[in-house]
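Structure first, commentary second.
Bear in mind that the values in this text are calculations on the coordinates, not laboratory data. Remember, predicted model here, so these are calculated numbers, not experimental data. Cβ coordinates were reconstructed from backbone atoms using ideal geometry, including for glycine residues, and neighbour counts include every protein chain displayed.
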Amino acid sequence: MALSKYLYIPENLRKPIASICHGQLILAAAGSVKGRKCTAYPAVKPALIAAGAHWVEPETMAFCTSDGNLITGATYEGHPEFVRLFIKALGAKISGSGKRILFLCGVSFNGSSFKFIALS
């Protein structure tokens, strides 16, 4: 069965729709990119164009763009901009003390563990 049978995103939905990397393939299957400006991982370009999207070539893998309530990004490298555009689409504002903080989270790669460290 076609994936599009299970997907429906109303065009008049006023809430932000955000997708990054290859996730835009789901939006294309749902018919949600037709006539909309979007970007994605470059390998997704042919599918988005075939679905009627207005492709925006990513300048870098951190590139993100928005078209109304649709926010799209090329890869995870664009998470900071992606989140900024999403917060803006929600109508919210982030404010802070202006301090820079370094976070190193606990992860494990091939048996090597890294602990959480936060410096401000």
What is the dipole size for the range 14-95, taken about its Cα centre, with +1 at each Lys and Arg Cβ and -1 at each Asp and Glu Cβ, in debye to the nearest 20?
-> 400 debye
To two decimal places, what compactness ratio does the range 14-95 give when its Cα radius of gyration is scaled by 2.2 N^0.38 Å?
-> 1.00
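If the chain between S97 and I49 were fully stretched, how many nm would it gain, using 0.36 nm times the residue separation less the Cα-Cα distance? Don't skip to the answer; put the middle values down first.
On the way: separation 48, 0.36 × 48 = 17.28 nm, distance 4.27 nm.
Difference between extended and current length: 13.0 nm.
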Residues whose placed amide H lies under 5 Å from that of A18, excluding near-sequence neighbours | I71
How much length, in nm to one decimal, is gained on full extension between E59 and I26, taken as 0.36 nm per residue of separation minus their Cα-Cα distance?
-> 9.6 nm
